[in-house]
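Participant: Handing you a structure now.
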């Protein structure tokens, strides 16, 4: 079971991401995918110390801790410094995406995203050589 | 629906759920948008605009854009896109917030409402409006941001901080610096389990003194239970003032030094250079050159070491008070921030129905308990049962109240819409009107709120169109040029009262009577008998309007009679009072919830029924001498009018057994005069039992086909009663009179 942490302050964006990633057609070949939802930066801070994730997907424009700050935090933390990370962003915020990549995000998906686009990126990150802390033991 | 799913059944269901989430989330965003815009509108009239509000508005539209794109709502996405561009200019200071922009924003909110309706399949696609708005937004011109850009360099802000500011945050920082305020670095530790409330406290305390630019989580001092934050705040206050304001919160505040004032050791990153410089002063250009934005090359770049980690050791933070609490709340820390769930109101209806079902089961149990208690040998058991039943009762009541509470929403939801309407109508009408709202927090059943907006909107139109005078007229009579409409809501017992009071010209009784006579609504003779209250109530008659030419505003074929009917459907009543030259006040009295209704208990041939009180005009003693018979229809001549009556005993075929006794003189029969809209009917019953608030329960399958009953209830005396469906009965009786309603006696006896 692969664990994907989705950080976004929009409930329906999280729900659609969950639907896209947990769908059998995508999840089955990966041995199952579990999406864990965090409703914003602070909420993510709660989840981060508790578990290991195979991929983290985060929005940039969030009300509390913004996505860039979250990436910096994640990349500094012992536990998640190597966890593959993907940002979701709109085209209008290219500068923010650039910064996200500089701060250590591995990839980005432009919003609005299609199932294919999200699966393609997350699939690629999941396939990448496993990182620091193993997550097969939840 | 966009291409979002994958194919398996599970996927489809979750996509469908996501779509439902989308619609309600979008609705919430639009509601929030409307609220924020109204505030912004007020501020902009005083030449201010709160950056937080602008930011919220931008964020809402930004989210809407993302969502609508994600869920294939093409038009909404297009509108959001253009709107976002304009708002982006606005928040980045490239566009000025004026009347024109405000108008476009308000129109956008209206349009979102229509678009959402269309998405839900409840309305047509507002294609024209979309085009018009897009055109309007496209015409907005914006000025470039002026002023020097490099002032950020004057401050000793770590590159690790500057590097994680979003474009917007950076803009806010610049704007603040430009206006000459000081920057502060606040370090604070929160327990993860209590961070939401603690942060709200901090925000509230900080707000009067300036603007919080960003919250930066810091690895040092953060662990499984606590989070250390570095907050960058811009404030016009002195550090002591700020410390005093934030006292009680365990934090440290220090001013961010200006370079030159103190010693600066680190090289200053050029602020307007490529973002990479800001973020990573240490990275050389060769590294930066690797960022072509080409996804294919991204793999090679992953994952980058954090550049600033070594250069700027994180500040040490004094242990915060929250740290202890964090340990205790270890289990809570995995909980999500959001503590709310969205529930379809039909689910609550179902739950309420179950409560009704339980109440009936309880009634049956109660009868059984009484029988057990009446058996001499079983008395102790009966008492035990009785005690259990009391506990059951108590919990049942709690459950009922709990469900009712969940259904409640503040009236503010509909009041906000009205504020928009008032703003718009008064502008169209060239009148200045101030809407003063009190009691927006008053709560009422969600379903009632939904139905209230149309009647209230119509009342607002009336008040502005017919009530409030023009500026000149007001000036002439010495009134303030700006008219006032007060919208007050408050709870009174089991009812919510909503008052709409204007300080306009009022209504003259003489004019009202004259108009009613002219329109043939009352005869001159009838008019002479009208009480002052009756006279004001004339406006609720269909076809009544004092203006001969309907204006664009009020005369849209909807009169006060429709308002009255709509309110009556909700079990409410409308009252009106007015004084010439002073103003008019309309009061709506509504039940707090539709799940509980007030009924009048009546007895017919030894059986009891309940009549919804909302349908009852009055009850009088039946004087058989006044009953006339027209073509087999019975009617009562009452105060000059003829009232058709219907003997319930006969209608339900109950006249046989017990009926014979009660028809005697010892208990005189009563007539319950019921009305739906303008149709009235008198129900002849044997006895009135009294008034009560009940939970109405839908009839089971076996009685579903039976007309004439709205449901069943339990009146607290352990007997199940049927609640009359007055509208259906009036329809049936007035239409075919003699025809029997298809009701079997067995069903009533049950």
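Yes/no per residue for (1) surrounded by fewer than 18 Cβ atoms within 10 Å (Cβ to Cβ); (2) under 11 Å from the mean Cα position of the chain (by Cα); (3) within 7 Å of chain B (Cβ to nearest Cβ); (4) closer than 24 Å to residue A:127 by Cα:
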{"residue": "A:28", "(1), (2), (3), (4)": "yes, no, no, yes"}
{"residue": "A:35", "(1), (2), (3), (4)": "no, yes, no, yes"}
{"residue": "A:66", "(1), (2), (3), (4)": "no, no, yes, no"}
{"residue": "A:78", "(1), (2), (3), (4)": "yes, no, no, yes"}
{"residue": "A:85", "(1), (2), (3), (4)": "no, yes, no, yes"}
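Participant: Quick one: is residue A:62 surrounded by 22 or more Cβ atoms within 10 Å (Cβ to Cβ), more than 13 Å from the chain's Cα centre (by Cα) and within 7 Å of chain B (Cβ to nearest Cβ)?
Facilitator: Taking the combined requirement at face value, the residue does not satisfy it.
Participant: A further question follows. Check whether at least one residue in segment B:136-146 is within 14 Å of another protein chain (Cβ to nearest Cβ) and at pLDDT below 80, and report yes or no.
Facilitator: No - not one qualifying residue is present in segment B:136-146.
Participant: For the list (1) within 14 Å of chain A (Cβ to nearest Cβ); (2) touching a residue at least 40 places away in the same chain (Cβ under 8 Å); (3) surrounded by fewer than 19 Cβ atoms within 10 Å (Cβ to Cβ); (4) closer than 20 Å to residue B:49 by Cβ, I need the number of the one condition that residue B:173 fails.
Facilitator: (3)
Participant: Just checking, which of B:367, B:407, B:390 is over 30 Å from residue B:472 (Cβ atoms) and in contact with a strand residue (DSSP E or B) (Cβ under 7 Å, 6 or more places away or on another chain)? First the steps, then the outcome.
Facilitator: Numbers: B:367 fails: in contact with a strand residue (DSSP E or B) (Cβ under 7 Å, 6 or more places away or on another chain); B:390 fails: in contact with a strand residue (DSSP E or B) (Cβ under 7 Å, 6 or more places away or on another chain).
Exactly one residue qualifies, and that residue is B:407.
Participant: Now for a separate question. Does segment B:233-252 include one or more residues that are within 14 Å of another protein chain (Cβ to nearest Cβ) and crowded, with 19+ Cβ neighbours inside 10 Å?
Facilitator: There is no residue in segment B:233-252 that is within 14 Å of another protein chain (Cβ to nearest Cβ) and crowded, with 19+ Cβ neighbours inside 10 Å.
Participant: Hey, can you tell me all the residues within segment B:204-232 that are under 32 Å from the mean Cα position of the chain (by Cα) and within 10 Å of chain A (Cβ to nearest Cβ)?
Facilitator: B:214, B:215
Participant: A follow-up question, please. Go through the residues of segment B:65-72 one by one and say whether even a single one is free of Cβ contacts under 8 Å to residues at least 60 places away in the same chain and more than 9 Å from chain A (Cβ to nearest Cβ).
Facilitator: Checked against the condition, which is being free of Cβ contacts under 8 Å to residues at least 60 places away in the same chain and more than 9 Å from chain A (Cβ to nearest Cβ), segment B:65-72 yields no hits at all.
Participant: Continuing with this model, one more query. From (1) modelled with pLDDT of 90 or more; (2) closer than 28 Å to residue B:73 by Cβ; (3) at the interface with chain B (Cβ under 7 Å from one of its Cβ atoms); (4) buried (at least 24 other Cβ atoms within 10 Å of the Cβ), pick out the condition that doesn't hold for residue A:7.
Facilitator: (3)
Participant: Here is a check on your reading of the model: is residue B:66 outside the structural domain of residue B:421 (by TED's automatic domain parsing), more than 23 Å from residue B:423 (Cβ to Cβ) and touching a helix residue (DSSP H, G or I) at 6+ places or on another chain (Cβ under 9 Å)?
Facilitator: Yes.
Participant: Could you please let me know if residue A:71 is touching a helix residue (DSSP H, G or I) at 6+ places or on another chain (Cβ under 7 Å), more than 7 Å from chain B (Cβ to nearest Cβ) and surrounded by 23 or more Cβ atoms within 10 Å (Cβ to Cβ)?
Facilitator: yes
Participant: Still on this model: Looking at segment A:93-115 only, could you name the residues that are facing another protein chain (nearest Cβ under 7 Å) and under 24 Å from residue B:89 (Cβ atoms)?
Facilitator: Listed by number, the residues that qualify are A:93, A:95, A:96, A:98, A:99, A:111, A:112.
Participant: Looking only at segment B:339-356, filter to residues that are modelled with pLDDT under 80 and outside any loop (DSSP other than H, G, I, E, B); which one of those is farthest from residue B:397 (Cα to Cα)?
Facilitator: Per the criteria, the residue is B:345.
Participant: A follow-up question, please. Of (1) within 12 Å of chain A (Cβ to nearest Cβ); (2) closer than 22 Å to residue B:243 by Cβ; (3) part of a helix (DSSP H, G or I), residue B:190 satisfies all except one. Which?
Facilitator: (3)
Participant: Another question, then. Looking at segment A:11-26 only, could you name the residues that are without any contact (Cβ under 8 Å) to a residue 60 or more places away in the chain and buried (at least 21 other Cβ atoms within 10 Å of the Cβ)?
Facilitator: A:12, A:14, A:15, A:16, A:18, A:19
Participant: Which one of these does residue A:41 not meet: (1) surrounded by 23 or more Cβ atoms within 10 Å (Cβ to Cβ); (2) more than 7 Å from chain B (Cβ to nearest Cβ); (3) farther than 29 Å from residue B:85 by Cα?
Facilitator: Going through the list (1) surrounded by 23 or more Cβ atoms within 10 Å (Cβ to Cβ); (2) more than 7 Å from chain B (Cβ to nearest Cβ); (3) farther than 29 Å from residue B:85 by Cα, residue A:41 breaks only (3).
Participant: Let me ask something else. Given the structure, is residue A:56 in a helix (DSSP H, G or I) and either crowded, with 21+ Cβ neighbours inside 10 Å or in contact (Cβ under 8 Å) with a residue 12 or more places away in the chain (or both)?
Facilitator: On the way: in a helix (DSSP H, G or I): no; either crowded, with 21+ Cβ neighbours inside 10 Å or in contact (Cβ under 8 Å) with a residue 12 or more places away in the chain (or both): yes.
No: the conditions fail for residue A:56.
Participant: Moving on. Among what's in segment B:33-45 and is closer than 17 Å to residue B:418 by Cβ and touching a helix residue (DSSP H, G or I) at 6+ places or on another chain (Cβ under 8 Å), pick the residue that is surrounded by the fewest Cβ atoms within 10 Å (Cβ to Cβ).
Facilitator: Taking the candidates together, the pick is B:39.
Participant: Do we have residue B:41 as farther than 28 Å from residue B:170 by Cβ, more than 14 Å from chain A (Cβ to nearest Cβ), assigned to a helix (DSSP H, G or I) and touching a residue at least 40 places away in the same chain (Cβ under 8 Å) here?
Facilitator: no
Participant: Taking residue B:371 as the residue in question, decide whether it is part of a helix (DSSP H, G or I) and at pLDDT 85 or above.
Facilitator: no
Participant: How many residues does segment A:116-130 hold that are part of a helix (DSSP H, G or I), over 12 Å from the mean Cα position of the chain (by Cα) and at the interface with chain B (Cβ under 9 Å from one of its Cβ atoms)?
Facilitator: Number satisfying all stated conditions: 2.
Participant: Give me a count of the residues in segment B:572-630 that are assigned to a strand (DSSP E or B) and in contact with a strand residue (DSSP E or B) (Cβ under 7 Å, 6 or more places away or on another chain).
Facilitator: 37
Participant: Still on this model: Go through segment B:488-547 residue by residue and tally those that are more than 24 Å from residue B:460 (Cα to Cα), modelled with pLDDT of 85 or more and surrounded by 15 or more Cβ atoms within 10 Å (Cβ to Cβ).
Facilitator: Count: 1.
The values are calculated or read from the model by the stated rules, or taken from the named source; none is laboratory data. Because the structure is predicted, anything quoted here is derived from the model rather than measured. Glycine gets a Cβ as well: all are built from the backbone with ideal geometry, and neighbour counts include every protein chain shown.
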